[in-house]
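The values are calculated or read from the model by the stated rules, or taken from the named source; none is laboratory data. Keep in mind the model is a prediction, meaning the values are calculated, not measured. Reconstructed Cβ throughout: ideal geometry from the backbone, glycine too, with neighbour counts over all protein chains shown. Heads up: the accessible areas ignore ligands, DNA and RNA and are worked out on the full protein's heavy atoms, side chains in. Shrake-Rupley method; radii C 1.70, N 1.55, O 1.52, S 1.80 Å.
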Amino acid sequence: MRQRSTLVRCTEINSFIEVRNLIIDYTRIDEEGHSVLVKRAVNDVSFTIEKGSFVSVVGMNGSGKSTMAKALNGLLLPSEGEVLVDGMSTRNEDDLWNIRSRVGMVFQNPDNQIVSSIVEDDVAFGPENIGVPPEEIRRRVDDALRRVDMYDCKDKGAHMLSGGQKQRIAIAGTVAMRPECIVFDEPTAMLDPSGRRQVMDIIRELNNDGITCILITHFMEEAAQADRVIVMKDGKIYSDSTPDELFADRALIEGAGLEMPPIIDLREKVAALGVDIPESIVTTEQLEAFLRG
Ligand code: ADP
Ligand code: MG
């Protein structure tokens, strides 16, 4: 996965999302009818996301991650600057539908994303809304449910499911829209450890199948699984690097108000025992693979 992304990066022709000098202001209208700035949530941010990559975004609460995420598919429009998806600007109203069908979103609270009482109806809701023919909907729903390992629950009531299962259904609903890119905004924040692991496995599998994945998370061990980590602070990009570059820099992590993934501390303890362990190890899987030899 990492290797493929590096290859794509080298060619520099496959940028899917381009964010240029993006500013997003929250404003309110005062008593005299003037627009007043409440908060500049995204402050002159530029970056590109390559097709097929897996990028995570981290940063303290209030650093602008969710605001930026909503700008990527035009749920929020730029105050200044531009967001281009496959060359289409979110400022162009005629392209918004197209942009939203290419960039799907999954949010933190699965309860807010479930719209039907029966699992398969819920997954079918999006495709039905955009007029996908019934037999194609059937195919898409079955495929999406298999991808999130929830096919056996398709006839179940959504209220019967655990938080993790509900989140997997929400992901299936997005997958059934056949997006090229999915932005996950803290999808595991409300889940227990096993629900979190399952959602992370699904995100990695979707990325392996070619879907561009952008994962906002406050779990550093999740961020470490991406090809690239963007750190936000006060509405700006504070750092943009590979996970091993980021987690090699304690001062930077602390400067952004973040914590090291627990695995890094463990790696350093192992190194202190005299084991020659590479600093490129930043996930549990990599550490396991290394220790197994
Ligand atoms: P994050 O997702 O990183 O926690 P947000 O994008 O939600 O950050 O918020 C960025 C900043 O914008 C915060 O200071 C937040 O209080 C502010 N903010 C978010 N939504 C609104 C809103 N609807 N109106 C005014 N300010 C907002
Ligand atoms: Mg947020």
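Pull up segment 75-102, narrow it to residues that are open to solvent by less than 10 Å² (accessible area, probe 1.4 Å) and away from ligand 1 (no atom under 16 Å from the Cβ), then point me to the one that is nearest to Asp25 (Cα to Cα).
This residue is Thr90.
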Candidates Asn129, Asn112 - the one that is modelled with pLDDT under 95 and over 20 Å from the mean Cα position of the chain (by Cα): Asn129
Out of segment 253-284, which residues are touching a residue at least 60 places away in the same chain (Cβ under 8 Å) and of a type outside the set (Ser, Thr, Tyr)? Ala256, Gly257, Leu258
Can you list residue pairs whose Cβ atoms sit under 8 Å apart, with the first residue in segment 225-252 being within 27 Å of Ile23 (Cβ to Cβ) and the second being within 16 Å of ligand 1 (Cβ to nearest atom) and of a type in the set (Lys, Arg)? Count only pairs 6 or more apart in sequence or on different chains. Met232/Lys65; Gly235/Arg40
The conditions are (1) open to solvent by 10 Å² or more (accessible area, probe 1.4 Å); (2) within 16 Å of ligand 2 (Cβ to nearest atom); (3) closer than 17 Å to Ile49 by Cα, and Glu186 fails exactly one of them. Which is it? (3)
Scan Asp143, Asp149, Asp155 and give me the residue that is open to solvent by 10 Å² or more (accessible area, probe 1.4 Å) and part of a helix (DSSP H, G or I). Asp143
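Does segment 9-18 contain at least one residue that is more than 16 Å from ligand 2 (Cβ to nearest atom), open to solvent by 40 Å² or more (accessible area, probe 1.4 Å) and aliphatic (A, V, I, L, M)?
Yes, some residue in segment 9-18 is more than 16 Å from ligand 2 (Cβ to nearest atom), open to solvent by 40 Å² or more (accessible area, probe 1.4 Å) and aliphatic (A, V, I, L, M).
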If Asp201 meets every condition in (1) within 16 Å of ligand 1 (Cβ to nearest atom); (2) open to solvent by 10 Å² or more (accessible area, probe 1.4 Å) apart from one, which number is that one? (1)
When segment 108-119 is examined, which residues are found to be under 22 Å from Ala189 (Cβ atoms) and open to solvent by 70 Å² or more (accessible area, probe 1.4 Å)? Gln108, Asp111, Asn112, Val115
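Strands (runs of 3 or more DSSP E) wholly in segment 30-96 with at least 1 residues that are within 16 Å of ligand 2 (Cβ to nearest atom) - which ones?
So the answer is 35-50, 54-58.
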Within segment 29-39, identify whether any single residue is buried (at least 22 other Cβ atoms within 10 Å of the Cβ) and either touching a Phe, Trp or Tyr at 6+ places or on another chain (Cβ under 6 Å) or modelled with pLDDT under 95 (or both), and answer yes or no. no
